[in-house]
Every structure is written in structure tokens, then in C-alpha cells.
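> One structure follows; several queries about it will come next.
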Amino acid sequence: MDERQRRIAELFEKGILINEDFLEKNLEGDVIEKIEAEQDLLVLNTDYVDIIRQQSSLVDWYEIDQYRVNAEIDRDDELYQTQLQQIHHSKLFLSTSLEITHQELSSLEVSLSEPTSTFVQHHSIQEKNILPQEDTLATQLGNHAVTILVSFENKSHKYAVHDFTSFFLSRYKFLENILRSRQELQGVTTINRVLAKKERETTTIIGIVDSIETTKNDNLVITVEDNTGRIKVLVTKSKKEIYKLAKDLVHDEVIGIIGQSYDKAIFAENIIWPDVPSTHELKKGETEEFAIFLSDIHVGSTLFLKEEFTRFIHWIRGEAGSDQQRDVSSKVKYIIIAGDLVDGVGIYPSQEEELEIKDIVGQYTEFCRLIKQIPSDKKIIICPGNHDVVHLAEPQSVFYKEYTADLTSIPNITLVTNPSLVNIGKTDTFSGFDVLLYHGYSFDYYVANVESIRTGGGYHRSDLIMKFLLKRRHLAPSFSSTPYHPSHTEDPLLIKKIPDIFITGHIHYCCVANYKGITM
């Protein structure tokens, strides 16, 4: 067997099909190692090799494959080439003990006895754009500041219908303003004007999705409304590209629609989401330091990973691991936990049978005993989740002191609401990283109701869910996807400020990816 046949056989055993143009390339040994490290790679061609060789960003190979297949079917590779260029311009660096490599991580489980563990790090680079000082609550320990940019206070009162209508109006106005700035949506008109038109013509509207129906021929009829009226939008199955987009629509989201208006309806030609601007760039820090992202610890459950968490504490204290791993632990400055510190009590039927600690105060006491062992020079930022002892409606308040007194007394802990936005790593010459924390209670709804997420990996692909929410600039675009606290004049689940890092939890699967410069 010659070298060419051997290479084909080895990659085929890994489930990777290779294009003929790939075989003509002479690959360096390190490139072959990187190819073998890619877990989701299905097809290999020269374009993919170039991405891997240039140590590009964390890549959603499933999405790239879809662009490639569509390009081959339609004989038009514009979208495919555009996506490749976007990947080349967005880089997230990963470090291993052997060398600096770049790969998508499907799991961050680490064995402290292994010297090849992978950690996310920020590389030293000069940051030119400095954000102005904001009027926020800041806490600082040593030289490592945590600034709370957004954290909510719920003020209960007697609710009326106008509380909910103002909720939706604030959402609509904010997202409408974003959509109006999109070049594709120039010339937006209101729905009542479209309904008054007699002739067939190109029309652009912005509206909120009221209902989604499927005809007997599998065409989609979407009812969209703005503050002037409602109109039906038809998406035909024959238009494959827009039909695929429309299949991912959910109730209550705000979208832009371009199409042909006729007979008091619109035949859709394109759907536009608020989305993150393509100009948003991946931010890089000035110094090498690390942040750890955790969630769903579930202290008190019989399924709590006590041994693994104890090993983590030994490592973060510099008491375990290789020399390189100890060096990394010494450079950890922040630990961010996205909810579900404990398993709670009465969360689901028969939960008591799975509890090792059956008292909620006892669960938090044990969590605090563990977390206090983390060195005090590490700043710990915590938001609650649906298992924690706070109300379920979002935004969830910070932890109730009567149950978590020890938690509120630990000096290096900053408690925030769910969701919240914090800034870490800020210096006199660097604007720091904006981190969006959201536990992710709405995720169950989107795994169940969004076809591309459900068929693309479901709960195993949290990156698909986060990308879905970022495109809609909302953490729970469907009103029924999570309980709401309606005491706010503006919708608190809007993603108003684009984060540098987006951390979630809830679904108990780990995934790392990058979307338009946002590390997820």
C-alpha cells in the first residue's frame, strides 16, 4: 500500500471522505495531526485543509458542509466562499502542552494527570479601541476588576395588560431599529400600506411573528404583524433556501421580510434577522491570563461529580497536575458559573430519591464549603439557574440571603442576576471582555421546536442554540419558551450590547464555538 492509499484508508476509518484535489497536496506532519484532532469533520478538501493549516477559528464543520453542498447543487458557490472568508478573519486561539493548535472542542473534560490537556487562553495583543468608562457597580480584588454592566432588580406590583404590551413594544422597537439599519431592508413600509396596494410589487416589511402554519402542500403561511396591522406571508417549498430559513422561525420573534406583495399577502423572497454585525471582531487581551467557565454543579445530588470537583479544586490551588497545568492554574483570574450550583428541592417529581443532601440550606452550605477552598485571588462570578433557590421567572434575582448567607459573605464572589452582563480583565489600556451570562432555561423549547437545532445535534450542540439566539438578539424570543418577570419597562432578555463571550448552561453538554467574533 502506497502513501496515498494509506492516507485514504486512515481517514476513511475516522469517517472522513476526501476529495481528489486533497490527495495532490503534500501535507506537513502537524497539519495531519490537526486533521485527526477534528471530531466533526466529514469531508476533506483543499479549502478545509487551508482553514486548518492557517489555525483558524473554532469551526462549525456541519454548517460549512451545508454551504458546500448547496453550492454544488445550485452551481453557485458565493455563500460558500463568503463563509470561508469569514472563518479566515475570525480566530480563537487554543493552547496545548505540545504546541499551539486550533480546534473545535466538543468537551472540556480534563484529566489532571495528562500533560496534553487543552485550555482556552487569551493571547497578548495590543487593543486599540477602548470603551468609555461606564456608570456601573465595580468590585476589585488585586488588579483583576469585575464590572457589572447589566444586572436586574425585579420590583413586583399588581400587573395589568399594559405591562405585557409595553414588554413586547420595547422588544419590537429595539429590534426594528436594528433591522432598519440593515442594507437589505432599505425602503421598509408598514403593513397597512402593503394591504392597501393594488398592484404586484416588491415590498419590504418588519414585523413580529404571530403564527406559523403549514399547508397541505407543505408550504408555510406566516402571519406577521406590526403596530398598523397583520398580513400573511407565503413561503413556498419550491424556494429551497428561504424555505429552510423559514422552517427555523418561532413565534414572537421580530424579522424583516422582502417579497412580492399581491392580493393582501406577501410572497417571501428573503428573511432578515437582527443578528450580530459582520464587522464585530474577536477581541484579544494584552496579557496571558485565563478564565474558567462552569455551570450545573448540582451539589446535593447523588449525581454530583464530587471526586471530579475535588480534583478541580486541588488543581486550581496548584496542588495537582503537571508543571504546565500548575502554571495555567496560577494564571486563572476569573471563574464564572452559569447557574445550578445545587440540585435544589422539589424541582421535579421524585427528586428526593436522587438527593444526597435533602435540605436546601445544607446544599448551599456544602457548596460554600467547597468554593471557599478556591484561592481568594480568583474572582468568582455567579448567576442562578432554575435549580437554585430563586424564582423561576426571568430575569432571576440574585440568590436569597436567607438560604445562602455563606455565599454572600465570601469576599471574592460577585453575585449577579440571570441573565447579566459583566466586564472582566479591564485595564487602563484595555477595555476588557464583556461576558454575557445566561443559564439557558429557554433552551429546551428551541431544541424541541427548531428543526435545524433538533436535527443538527439537539442538546449536544449548545453552540447552535446560542447562535440561534444571537441572530435574533434575544435570549428567549418566543414568549412561551421561559417564564417572564413583567415588572420591567424594557424587555430584559434582549441582547442589546454584543458580548465578547457568551456563557450558558442548563443542558449538561459542553461545546465551544465562535460566531462573528463572539466566543460561545
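> Working only within the stretch 370-385, note down all residues that are surrounded by 22 or more Cβ atoms within 10 Å (Cβ to Cβ) and among the small types (Gly, Ala, Ser).
Gly385, the sole residue that qualifies.
Residue-wise test of (1) small (Gly, Ala, Ser); (2) at pLDDT 95 or above.
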| residue | (1), (2) |
| --- | --- |
| Ile374 | no, yes |
| Cys383 | no, yes |
| Ser420 | yes, yes |
| Phe430 | no, no |
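> Please tell me if Asp388 is of a type in the set (D, E, K, R), within 27 Å of Ser487 (Cα to Cα) and crowded, with 18+ Cβ neighbours inside 10 Å. Even if it seems obvious, please write down each step before you answer.
Values: of a type in the set (D, E, K, R): yes; within 27 Å of Ser487 (Cα to Cα): yes; crowded, with 18+ Cβ neighbours inside 10 Å: yes.
Spelling it out, Asp388 is indeed of a type in the set (D, E, K, R), within 27 Å of Ser487 (Cα to Cα) and crowded, with 18+ Cβ neighbours inside 10 Å.
> Is it true that some residue in the stretch 300-321 is among the acidic types (Asp, Glu) and either touching a residue at least 24 places away in the same chain (Cβ under 8 Å) or outside any helix (DSSP H, G or I) (or both)?
So in the stretch 300-321, the residues among the acidic types (Asp, Glu) come out as 307-308, 319.
Restricting the remaining residues to those that are either touching a residue at least 24 places away in the same chain (Cβ under 8 Å) or outside any helix (DSSP H, G or I) (or both) gives 319.
Yes - at least one qualifying residue is present in the stretch 300-321.
> Additional query: On the given criteria, is Ile336 surrounded by 20 or more Cβ atoms within 10 Å (Cβ to Cβ), not small (Gly, Ala, Ser) and either not assigned by TED's automatic domain parsing to the domain that holds Glu289 or not in a loop (DSSP other than H, G, I, E, B) (or both)? Break it down stepwise before answering.
On the way: surrounded by 20 or more Cβ atoms within 10 Å (Cβ to Cβ): yes; not small (Gly, Ala, Ser): yes; either not assigned by TED's automatic domain parsing to the domain that holds Glu289 or not in a loop (DSSP other than H, G, I, E, B) (or both): yes.
Criteria met by Ile336.
> Looking only at the stretch 479-494, count how many residues are surrounded by 20 or more Cβ atoms within 10 Å (Cβ to Cβ) and over 13 Å from Pro395 (Cβ atoms).
1
> Taking the stretch 366-384, which residues are closer than 16 Å to His314 by Cα and in a loop (DSSP other than H, G, I, E, B)?
Correct list: Lys372, Gln373, Ile374, Pro375, Ser376, Asp377, Lys378.
Per-residue answers, yes or no, for (1) touching a Gly at 6+ places or on another chain (Cβ under 9 Å); (2) surrounded by fewer than 16 Cβ atoms within 10 Å (Cβ to Cβ):
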site: Thr204; (1), (2): yes, no
site: Ser211; (1), (2): no, yes
site: Asp218; (1), (2): no, yes
site: Leu249; (1), (2): no, no
site: Glu253; (1), (2): no, no
site: Gly256; (1), (2): yes, no
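> Where residues in the stretch 283-299 are assigned to a loop (DSSP other than H, G, I, E, B) and under 21 Å from Phe430 (Cα atoms), which of them is nearest to the chain's Cα centre (by Cα)? Spell out the reasoning first.
Initial filter on the stretch 283-299 (assigned to a loop (DSSP other than H, G, I, E, B)): 283-289, 295-298.
Now narrow it down to the ones that are under 21 Å from Phe430 (Cα atoms): 283-289.
On the way: Lys283: 16, Lys284: 19, Gly285: 21, Glu286: 24, Thr287: 25, Glu288: 24, Glu289: 22 Å.
Per the stated criteria, the residue is Lys283.
> Trp273 versus (1) within 30 Å of Glu356 (Cα to Cα); (2) crowded, with 19+ Cβ neighbours inside 10 Å; (3) aromatic (Phe, Trp, Tyr): which is the lone unmet condition?
It is condition (1) that Trp273 fails.
> For the stretch 436-520, give me every one of the helices (runs of 4 or more DSSP H) that falls completely inside it and has 2 or more residues that are within 24 Å of Asn423 (Cβ to Cβ).
Details: elements: 443-449, 451-456, 462-472.
By residue number, 462-472.
> To continue, here is another question. For the stretch 328-373, which positions are among the charged types (D, E, K, R) and within 16 Å of Ser295 (Cα to Cα)?
Filtering the stretch 328-373 for residues among the charged types (D, E, K, R) gives 331, 333, 340, 343, 352-354, 356, 358-359, 366, 369, 372.
Asp340, Asp343 - these are the residues of the stretch 328-373 that are among the charged types (D, E, K, R) and within 16 Å of Ser295 (Cα to Cα).
> Among the residues of the stretch 155-202, which ones are acidic (Asp, Glu) and either within 26 Å of the chain's Cα centre (by Cα) or in the same structural domain as Pro477 (by TED's automatic domain parsing) (or both)?
From the stretch 155-202, those acidic (Asp, Glu) are 163, 176, 184, 199, 201; that's our starting set.
Matches in the stretch 155-202: Glu176, Glu184.
> Only one of these conditions is not met by Leu179: (1) in a helix (DSSP H, G or I); (2) over 20 Å from Asp252 (Cα atoms); (3) of a type outside the set (Gly, Ala, Ser); (4) in contact with a Leu (Cβ under 9 Å, 6 or more places away or on another chain). Which number is it?
Going through (1) in a helix (DSSP H, G or I); (2) over 20 Å from Asp252 (Cα atoms); (3) of a type outside the set (Gly, Ala, Ser); (4) in contact with a Leu (Cβ under 9 Å, 6 or more places away or on another chain) one by one, Leu179 breaks only (2).
> Would you point out which residue out of Lys240, Lys232 is of a type in the set (D, E, K, R) and farther than 29 Å from Ser166 by Cα?
Numbers: Lys232 fails: farther than 29 Å from Ser166 by Cα.
After applying the criteria, what remains is Lys240.
> Within the stretch 170-185, take every residue that is loosely packed, with under 15 Cβ neighbours inside 10 Å and touching a residue at least 24 places away in the same chain (Cβ under 8 Å) and give me the one that is nearest to Leu494 (Cα to Cα). Can you show your working first?
If we filter the stretch 170-185 for residues that are loosely packed, with under 15 Cβ neighbours inside 10 Å, which is where we start, we get 173, 177, 180-181, 183-184.
Restricting the remaining residues to those that are touching a residue at least 24 places away in the same chain (Cβ under 8 Å) gives 180, 184.
Numbers: Arg180: 17, Glu184: 22 Å.
By that ranking, first place goes to Arg180.
> Could you say whether any residue in the stretch 456-478 is crowded, with 23+ Cβ neighbours inside 10 Å, among the acidic types (Asp, Glu) and outside the structural domain of Ser211 (by TED's automatic domain parsing)?
Yes: the stretch 456-478 contains one or more residues that are crowded, with 23+ Cβ neighbours inside 10 Å, among the acidic types (Asp, Glu) and outside the structural domain of Ser211 (by TED's automatic domain parsing).
> Might you let me know whether the stretch 261-269 holds any residue that is touching a His at 6+ places or on another chain (Cβ under 6 Å) and of a type outside the set (Lys, Arg)? Steps first, please.
The initial filter retains those residues of the stretch 261-269 that are touching a His at 6+ places or on another chain (Cβ under 6 Å), namely none.
For the stretch 261-269, residues touching a His at 6+ places or on another chain (Cβ under 6 Å) and of a type outside the set (Lys, Arg): absent.
> Exactly one of (1) surrounded by 16 or more Cβ atoms within 10 Å (Cβ to Cβ); (2) at pLDDT 95 or above; (3) of a type outside the set (Gly, Ala, Ser) is unmet by Val188. Its number?
Failing condition for Val188: (2).
> Restricting to the stretch 399-418, give me the number of residues that are under 12 Å from Ile148 (Cβ atoms) and either surrounded by 21 or more Cβ atoms within 10 Å (Cβ to Cβ) or within 15 Å of the chain's Cα centre (by Cα) (or both).
Restricting attention to the stretch 399-418, the residues satisfying the condition of being under 12 Å from Ile148 (Cβ atoms) are 414-417.
Right, trim to either surrounded by 21 or more Cβ atoms within 10 Å (Cβ to Cβ) or within 15 Å of the chain's Cα centre (by Cα) (or both) and you get 414, 416-417.
Going through the stretch 399-418 one residue at a time, the tally reaches 3.
> Quick check on this structure: which one of Ser350, Ser329, Ser322, Ser431 is over 28 Å from Asn154 (Cα atoms) and touching a Pro at 6+ places or on another chain (Cβ under 6 Å)? Walk me through how you get there before you give the answer.
Numbers: Ser350 fails: touching a Pro at 6+ places or on another chain (Cβ under 6 Å); Ser329 fails: touching a Pro at 6+ places or on another chain (Cβ under 6 Å); Ser431 fails: touching a Pro at 6+ places or on another chain (Cβ under 6 Å).
Of Ser350, Ser329, Ser322, Ser431, the one residue that is over 28 Å from Asn154 (Cα atoms) and touching a Pro at 6+ places or on another chain (Cβ under 6 Å) is Ser322.
The values are calculated or read from the model by the stated rules, or taken from the named source; none is laboratory data. Just so it is clear, the structure is predicted and the values come from calculations on it, not from any experiment. We place every Cβ from the backbone using ideal geometry, glycine too, and count neighbours over all the protein chains shown.
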